[in-house]
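Data first, discussion second: the structure below is written as structure tokens.
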Amino acid sequence: MTKRRVNVSGGASGAAIGGGARVSVQSMPNPDTRDAPATLAQIRALAAAGCDIVRLAVPDGEAARALAAICAESPVPLVADIHFDHRLALAACEAGIGKIRINPGNMRKPEHVKAVAAACRERGIPIRIGVNGGSLSKELLARFGGPAPEALAASALEQAAVLEDFGFTDIVLSLKASNARDTVAANRIVHERCDYPLHLGVTEAGTYDTALVKSAAGIGSLLIDGIGDTIRVSVTGDPVREVSAGLAILRACGLRSDGVEIISCPTCGRCRADVIGMAELLERRAAHITAPLTVAVMGCEVNGPGEASRADIGFAGTEGGWLLFEKGKIVGTLTSSNVLDKLMERIEGWDGI
């Protein structure tokens, strides 16, 4: 089903979600939003890492009042995360926010939702309906026997229907469980039943390694099937790592090609070089490059250039040093003492870099 598109204003050029737009990456700063300078500093760090849209917690009036200054200086579009008090959403709209996120479980009064919908419609601000297991009503929990995927889907669609009744359809849906299986199932249900864009993520996914595995399984399996329009990898820790993880998932699914992709062999008894160390060093040194480039680090002549023949640039360990190859063809040899510097020279001199 072709998804409709919503536009999120703000930053240098805004962002589009759905309707054929590229899948965007989101994250959420962890400084107190009331501290505008600290919040802006992390927004800038997220943007520099490749984040497309940033969501901000707005727990009270002081945080809402800080939004005007933050919105005015943010390099990317911003989303106000609103719980309980609809007046905070109205204040966020006045402050110039690009998008509102509400939770159907904690904004119960229809007249409050109506007021938020009217303010957003007047300013062209989309609303994301964010559903998770903790936001489900007692009725849905009883009907489905707990926070099942069907319950998540029913909650999202019911809240969308409320907004539709108020004449508002500029909607993004988000259905997140704390495990990949339920997240995937819930999003598949909604994908078949409506054409609203979908925000994907596995909530409360844990620290980086665990979160990356859960998110790759949940987000990745949906994206490969063409489901999903924007993503957030939820990590307990530095939110900048959420962005790198999200971009890695998009690259693995064939949805992004920007930046240096390093392919490296797992090493075995044939390995003739420090592939692990070289791959890790190269990953750090090439992190600033945004142009699309595939670089291979291989431990022997068997894996490179043969198995890595599709890499733009690569090198393979030998008894005396490294073979350098480009597009599968050997173009020279390097000694172990200068291999990384020489390889970086080739990478930075590559066409388009």
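Among the residues of the stretch 158-180, none qualifies, meaning not one is open to solvent by less than 10 Å² (accessible area, probe 1.4 Å), within 19 Å of the chain's Cα centre (by Cα) and under 23 Å from Pro31 (Cα atoms). Taking (1) in contact (Cβ under 8 Å) with a residue 24 or more places away in the chain; (2) over 19 Å from the mean Cα position of the chain (by Cα); (3) assigned to a loop (DSSP other than H, G, I, E, B) in turn, Phe84 satisfies each apart from (1).
Counting the residues of the stretch 269-280 that are assigned to a helix (DSSP H, G or I) and buried (at least 16 other Cβ atoms within 10 Å of the Cβ) gives 3. Considering the stretch 286-314, the residues that are in contact with a Pro (Cβ under 9 Å, 6 or more places away or on another chain) and hydrophobic (A, V, I, L, M, F, W, C) include one that is surrounded by the most Cβ atoms within 10 Å (Cβ to Cβ), namely Met298.
Only one of the listed residues (Ala279, Ala252, Ala245, Ala287) is within 19 Å of the chain's Cα centre (by Cα), under 30 Å from Glu301 (Cβ atoms) and modelled with pLDDT of 85 or more. That residue is Ala252. Condition check for His199 on (1) closer than 24 Å to Leu78 by Cβ; (2) in a loop (DSSP other than H, G, I, E, B): one failure, at (2).
When the stretch 132-154 is filtered for residues that are modelled with pLDDT of 95 or more and open to solvent by less than 50 Å² (accessible area, probe 1.4 Å), the ones remaining, listed by number, are Ala148, Pro149, Ala151, Leu152, Ala153, Ala154. Taking Leu46 as meeting all but one of (1) in contact with a Ser or Thr (Cβ under 6 Å, 6 or more places away or on another chain); (2) in a loop (DSSP other than H, G, I, E, B); (3) within 30 Å of Gly226 (Cβ to Cβ), write down the number of the exception. So the condition that Leu46 fails would be (2). Within the stretch 287-302, residues that are free of Cβ contacts under 8 Å to residues at least 60 places away in the same chain and farther than 12 Å from Arg272 by Cα have Cβ atoms under 6 Å from residues that are surrounded by fewer than 22 Cβ atoms within 10 Å (Cβ to Cβ) and among the β-branched types (Val, Ile, Thr) in these pairs: Val295/Ile262; Val295/Ile313; Ala296/Ile263, counting only partners at least 6 apart in sequence or on another chain. Restricting Asp60, Asp81, Asp52, Asp32 to residues that are of a type outside the set (Gly, Ala, Ser), surrounded by fewer than 17 Cβ atoms within 10 Å (Cβ to Cβ) and under 20 Å from Glu242 (Cβ atoms) narrows the list to Asp32. Listed by first and then second residue, the pairs with beta-carbon distance under 8 Å, at least 6 apart or on different chains, first residue in the stretch 310-329 and within 15 Å of Thr294 (Cβ to Cβ), second assigned to a strand (DSSP E or B) and acidic (Asp, Glu), are Asp312/Glu326; Ile313/Glu326; Gly314/Glu326.
Conditions (1) charged (D, E, K, R); (2) modelled with pLDDT under 95, marked per residue:
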| site | (1), (2) |
| --- | --- |
| Ala91 | no, no |
| Ala95 | no, no |
| Lys99 | yes, no |
| Gly105 | no, yes |
| Cys120 | no, no |
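Looking at the stretch 325-347 only, could you name the residues that are among the hydrophobic types (A, V, I, L, M, F, W, C), surrounded by 17 or more Cβ atoms within 10 Å (Cβ to Cβ) and either within 33 Å of the chain's Cα centre (by Cα) or modelled with pLDDT of 85 or more (or both)? Those that are among the hydrophobic types (A, V, I, L, M, F, W, C), surrounded by 17 or more Cβ atoms within 10 Å (Cβ to Cβ) and either within 33 Å of the chain's Cα centre (by Cα) or modelled with pLDDT of 85 or more (or both): Phe325, Leu340, Leu343, Ile347.
The values are calculated or read from the model by the stated rules, or taken from the named source; none is laboratory data. Since the model is a prediction, treat every value here as computed from it, not as a measurement. Note that each Cβ is placed from the backbone with ideal geometry, even for glycine, and that neighbours are counted across all protein chains shown. Side chains included, ligands, DNA and RNA excluded: accessible areas come from the protein's heavy atoms. Shrake-Rupley method; radii C 1.70, N 1.55, O 1.52, S 1.80 Å.
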